[in-house]
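Participant: First the structure, then my questions, so here it is.
The values are calculated or read from the model by the stated rules, or taken from the named source; none is laboratory data. These figures come from a predicted structure and were not determined experimentally. Here the Cβ is made from the backbone with ideal geometry for all residues, glycine too, and neighbour counts use every protein chain on show. Areas reflect the complete protein model, heavy atoms only, side chains present, ligands, DNA and RNA absent. Shrake-Rupley method; radii C 1.70, N 1.55, O 1.52, S 1.80 Å.
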Amino acid sequence: MKKIYLLFLMMIMACFACSFPQKREFSGKKLSPLQYNNPGLVVDLGVGLWAWPLPMDYDQDGDLDLVVSCPDTPFNGLYFFENTSGGKEKLPVFESPRKIGPGKKNLQVCYVNGEARIMGPGVEYKNFKESLLNNPEKLYSREKLEDKFERIRFSQWKYVDYDNDDDLDIIVGLDEWGDYDWNYVDYNNGVNAYDKEGKWKNRPLHGYVFLIENIGGEYKNKGKIMAGDRPIDVYGAPSPNMIDFDGDGDLDIICGEFLDRFTWFENIGSREKPVYAEGKFLQNSEGIIKMDLEMIIPVAVDWDGDGDVDLVVGDEDGRVALVENTGEVSKNMPVFNSPVYFQQHANLVKFGALATPFAVDWDADGDQDLICGNTAGYIGFIENLDGGNPPKWNRPVYLKAEGEVIRIMAGDSGSIKGPSEKKWGYTTLSVSDWDGDGLRDIIINSIWGKIQWFENIGSEGSPVLSKVKPILVEFEGETPKPAWNWWDPEDDHLVTQWRTTPFAIDWNYDGLTDLVMLDPEGYLSFYERFLEEGELKLMPGKRIFYGIDYSVFDDKNNVIDSTGGPLRLNQREIGGSGRRKICITDWDRDGDYDLLVNSKNISLFENTGIENGKVMFKHHGPLADQKLAGHTTSPTIVNWDMDDLPDLLIGAEDGHFYYYPNNK
């Protein structure tokens, strides 16, 4: 029998993102970002994954613009959103973004005598409007401050005259992740950092605020700022803002966090000698104020020029919101309105971050729309308005199930990586007639690893979704699951690795919709559909897929296994597991199904035939040379040019979509 080689993946990033080893069979074709092609359309303002807002009058025309830093791949950059309202509108529609330079995380803006000053860890970027990030001036050694901590992800520095002595001190927000460690497994108990009831066993995230005091022109670390009888300690990513929020003449503090809330620390001392009360979450008549997603970055600025200080806040998915200070104070706390997301003139099609599209004629009007998941756990409908090449697109709409917006979230115990990921959902999906009634249903996976489906109970052209249901499998014995899951699936419920596509397709051409996806151990598996007494049922997964010239690589690209065997698309555990996004199509039009898999962009596995019941795939590497992935990409097939070759659309890290024509 022909020797089979097993191939695994090299890491793209330290965040467990895997990519296939490069075979350099690139076509040379470029991946083109998908545009709305819809003049006059207005959509949510956004960059790629993660928005670090720097509100300022960048073009010096008298109104506040938005400069937003995006530190991630592939949309890295500093982006200028021009405000053309002349300052007459509180919520202007911004121009689409113009890239002005490279992006970084941890950029902070503060205001000194009305001038926007841009800072990074231990430095100020001098003359930012002219020099951007090219002129850093060192202020204080960040290492002196950060070396005490095991792991830091946020280091946020801002000028402030802390004690009203007419010099510039610095406040620093640092978070600490050393005690928050998801990456181990206790196989004796079948759990990782959760106990058997799903309670987090490790410590929470910490977010501290330090004072670096200017003493005679030299900066000295004065330690953590206290609130009540303990140091300020929010849930990671403190993003401190020190300013007079309540209008009483002294400097208060509002912090963000890694999740979605804002904490208010009232100055109950004086302008010269601040004393801070114990923190309270900002709230209004609707309850505790929360952002839609997490990894929030709040910046204090009088956005609307009404004399009180508002918050401009970036989200993980690249959007930016206004949290307006009403000027009212209730129970010694300023009252803010709930977040409202800024808008921009539409340019590039975007759906959150880590977009996972599936092209399908959802509304039965003869063209291919997009049904799409993202990090936030939504499922979106992006309507193709004209069937053109390229199409004209509408703004994304969240799909509903029985009248309620669909949003899958981890909550406190649904993410392998702990409660810090409670607002993420990582929906990934395919669309197919799952129940054989002639209507298109949606099959999903998510951060939970539960394979579920939304039944279409509407009609052709007018889809209506039922509430989510489990995909059931005719398992014999115990229902399988990933070894590191703390929770057990219900009997016969299909559960596998998180964040990997459940691809519904009639693989064996018998007229029934099957399922192809990773099993709980990361092997690509065939879940075959069958009829029993007129009832549709699903068999357990079979490892029928094998690879040619396929070896296992570690994160340094060293071969660690070449023993042969079934196609294992991910052998990593815990947080590094799953993550595989797949699409199945006859890419080369030779009459069989090929496999497209996420990598630095998308890698092709060519189906070379069946040998002794094994479907053999030859790995050809990425289709292009451009890097779209920091965490992942997600492929789907489109055919806007209406020829006989399938073309590729890739959902990327930045929430945008990239088109690759298959014109062999």
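Participant: Past the 22 Å Cα-Cα mark, which pairs from 222/290; 224/280; 542/614?
Facilitator: As for pairs spanning more than 22 Å Cα to Cα, those are 222/290.
Participant: Another question about this same structure. What number, in percent, do you get for the relative contact order of the chain if the mean sequence gap of Cα pairs under 8 Å and at least 6 apart is divided by its residue count? Don't jump to the answer; show the numbers that get you there.
Facilitator: Numbers: 1938 pairs, mean separation 103.8, N = 664.
With pairs under 8 Å counted, the relative contact order is 16 percent.
Participant: What list of ³J(HN,Hα) couplings, whole Hz, do you get for region 112-126 from phi and the Karplus terms 6.51, -1.76, 1.60, once you set θ to phi - 60° and write x for glycine and proline?
Facilitator: 10, 6, x, 9, 6, 10, 9, 10, x, x, x, 9, 10, 8, 6
Participant: Another question, then. In whole Hz, what ³J(HN,Hα) sequence does region 414-430 give by Karplus (6.51, -1.76, 1.60; θ = phi - 60°), x for Gly and Pro?
Facilitator: x, 9, 3, 9, x, x, 5, 10, 5, 9, 8, x, 6, 5, 9, 7, 9
Participant: I need the Debye-formula profile for region 286-366: one equal scatterer per C-alpha, no solvent, reported as log10 I(q)/I(0) at q = 0.16, 0.25 1/Å, two decimals.
Facilitator: So the normalised log intensities work out to -0.73, -1.26.
Participant: Something else: Out of all Cα-Cα pairs in region 124-182, roughly what percent, to the nearest whole number, are more than 20 Å apart?
Facilitator: Across region 124-182, Cα pairs with separations above 20 Å total 45 percent.
Participant: A further question follows. Rounded to a whole number, what is D in µm²/s for the chain from Stokes-Einstein with the Kirkwood radius over alpha-carbon pairs (20 °C, 1.002 mPa s)?
Facilitator: Rounded, D is 81 µm²/s.
Participant: Suppose we look only past 25 Å in the calculated P(r) of region 302-412. What percent of the Cα-Cα pairs does that tail hold?
Facilitator: Every Cα pair in region 302-412 considered, those over 25 Å come to 41 percent.
Participant: Considering only protein heavy atoms and a 1.4 Å probe, what is the carbon-and-sulfur percentage of the accessible area of region 107-250? Mind dumping the intermediate values first?
Facilitator: On the way: 2660 of 6560 Å².
The value for region 107-250 is 40 percent carbon and sulfur by accessible area.
Participant: List every residue whose amide H lies under 5 Å from the amide H of residue 54, counting only residues 5 or more places away in sequence or on a different chain, with H placed 1.01 Å from N in the peptide plane.
Facilitator: Those lying under 5 Å, H to H, from residue 54 are 67, 68, 69.
Participant: Cross-link candidates for residue 392: which lysines have Cα within less than 27 Å, leaving aside residues fewer than 8 places away along the same chain?
Facilitator: Within reach: 29, 30, 99, 350, 400, 581, 627, 664.
Participant: Take the Cα pairs of region 167-295, get the Kirkwood Rh, then feed it into Stokes-Einstein at 10 °C and 1.306 mPa s and tell me D in µm²/s.
Facilitator: Translational D for this selection: 96 µm²/s.
Participant: Report the gain in length on full extension from residue 288 to residue 490: 0.36 nm times residue separation, minus Cα-Cα distance, nm rounded to one decimal. Spell out each step's value before the answer.
Facilitator: On the way: separation 202, 0.36 × 202 = 72.72 nm, distance 3.44 nm.
Additional length available on full extension: 69.3 nm.
Participant: Still on this structure, I have one more. What order do 88, 290, 600, 392 take when sorted by accessible area (1.4 Å probe), most exposed first? It would help to have the intermediate numbers written out before the result.
Facilitator: Details: 88 180, 290 105, 600 30, 392 75 Å².
The residues order as 88, 290, 392, 600, largest area first.
Participant: Related question: May I ask you to evaluate 6.51 cos²θ - 1.76 cosθ + 1.60, the Karplus curve with θ = phi - 60°, for each residue of region 624-630 and list the ³J(HN,Hα) values in order in whole Hz, giving x for glycine and proline?
Facilitator: 9, 9, 6, 9, 9, 9, x
Participant: List the residues whose amide H sits under 5 Å from the amide H of residue 258, counting only those 5 or more places along or on another chain, with H placed 1.01 Å from N in the peptide plane.
Facilitator: 235, 236, 237
Participant: Could you check how much of the accessible area of region 275-434 is carbon and sulfur, as a whole percent, using a 1.4 Å probe?
Facilitator: 45 percent
Participant: Here's something else I'd like to know. When all protein chains stay in place, what accessible area (Å², nearest 10, 1.4 Å probe) is found for residue 517?
Facilitator: About 0 Å², ignoring ligands and nucleic acids.
Participant: Could I ask something else about it? What is the list of residues in region 576-590 whose amide nitrogen lies under 14 Å from a point 7 angstrom out from the Cα of residue 618, following Cα to Cβ?
Facilitator: What the label zone holds, given the 14 Å backbone N cut-off, is 588-590.
Participant: Which value in nm describes the separation of the simple spin-label points at residue 149 and residue 483, placed 7 Å from the Cα toward the beta carbon?
Facilitator: 3.4 nm
Participant: Averaged over every viewing direction, what's the projected area of the C-alpha convex hull for region 64-113? Give it in nm², one decimal, please.
Facilitator: About 4.5 nm², averaged over all directions.
Participant: Could you check how many percent of all C-alpha pairs in region 368-478 are farther apart than 20 Å?
Facilitator: Taking all Cα-Cα pairs of region 368-478, the fraction more than 20 Å apart is 47 percent.
Participant: In whole percent, what relative contact order does region 116-227 give with Cα contacts below 8 Å and a gap of six or more residues?
Facilitator: Relative contact order of region 116-227: 19 percent.
Participant: At 222 nm, what value in deg cm²/dmol follows for the chain if DSSP H runs of at least 4 each add -39500 (n - 2.57) and the sum is divided by all its residues, to the nearest 500? Intermediate values should be presented prior to the final figure.
Facilitator: On the way: 2 runs with 9 residues, N = 664.
Theoretical 222 nm ellipticity from helices: 0 deg cm²/dmol.
Participant: Roughly speaking, what is the stretch gain from residue 220 to residue 96, that is 0.36 nm per residue apart minus the C-alpha to C-alpha distance, in nm to one decimal? The partial results should precede the final answer.
Facilitator: Values: separation 124, 0.36 × 124 = 44.64 nm, distance 4.26 nm.
Stretched fully, the residue 220-residue 96 segment lengthens by 40.4 nm.
Participant: With labels modelled as points extended 7 Å from the Cα through the Cβ direction, what inter-label distance (nm, one decimal) is found for residue 127 paired with residue 141?
Facilitator: 2.9 nm
Participant: Provide the gained length on full extension for the span residue 271 to residue 248, in nm with one decimal, where the gain is 0.36 nm per separating residue minus the Cα-Cα distance.
Facilitator: 7.3 nm
Participant: Near residue 220, which lysines are there with a Cα under 22 Å away, not counting those fewer than 8 places off in the same chain?
Facilitator: 126, 138, 144, 148, 158, 273
Participant: Where only protein heavy atoms count, and the probe is 1.4 Å, what is the accessible area per residue for the chain in Å²?
Facilitator: 38 Å²
Participant: Would you mind checking which residues have amide H under 5 Å from residue 611's amide H? H placed 1.01 Å from N; only 5 or more apart, or other chain.
Facilitator: So residue 611 has HN proximity to 616.
Participant: For region 305-381, which trypsin sites (Lys or Arg not before Pro) pass both filters: DSSP loop (anything but H, G, I, E, B) and at most 11 other C-beta atoms within 10 Å?
Facilitator: For trypsin sites (Lys or Arg not before Pro) across region 305-381 that sit outside H, G, I, E and B with at most 11 neighbouring Cβ atoms in 10 Å, the list reads 331.
Participant: Over region 206-333, what relative contact order in percent results from Cα pairs under 8 Å that are six or more residues apart? Intermediate values should be presented prior to the final figure.
Facilitator: On the way: 282 pairs, mean separation 22.3, N = 128.
In percent, rounded to a whole number, it is 17.
Participant: Rounded to the nearest 0.05, what FRET efficiency is calculated for residue 199 and residue 306 with R0 set to 56 Å and r the Cβ-Cβ distance?
Facilitator: 0.80
Participant: Using 1/(1 + (r/R0)^6) with R0 = 35 angstrom and r between the beta carbons of residue 60 and residue 167, what's the FRET efficiency to the nearest 0.05?
Facilitator: So the FRET efficiency works out to roughly 0.80.
Participant: With r as the distance between the Cβ atoms of residue 398 and residue 331 and R0 = 51 Å, compute the FRET efficiency 1/(1 + (r/R0)^6) and round to 0.05. Spell out each step's value before the answer.
Facilitator: Numbers: r = 34 Å, r/R0 = 0.68.
For residue 331 and residue 398, the calculated efficiency is 0.90.
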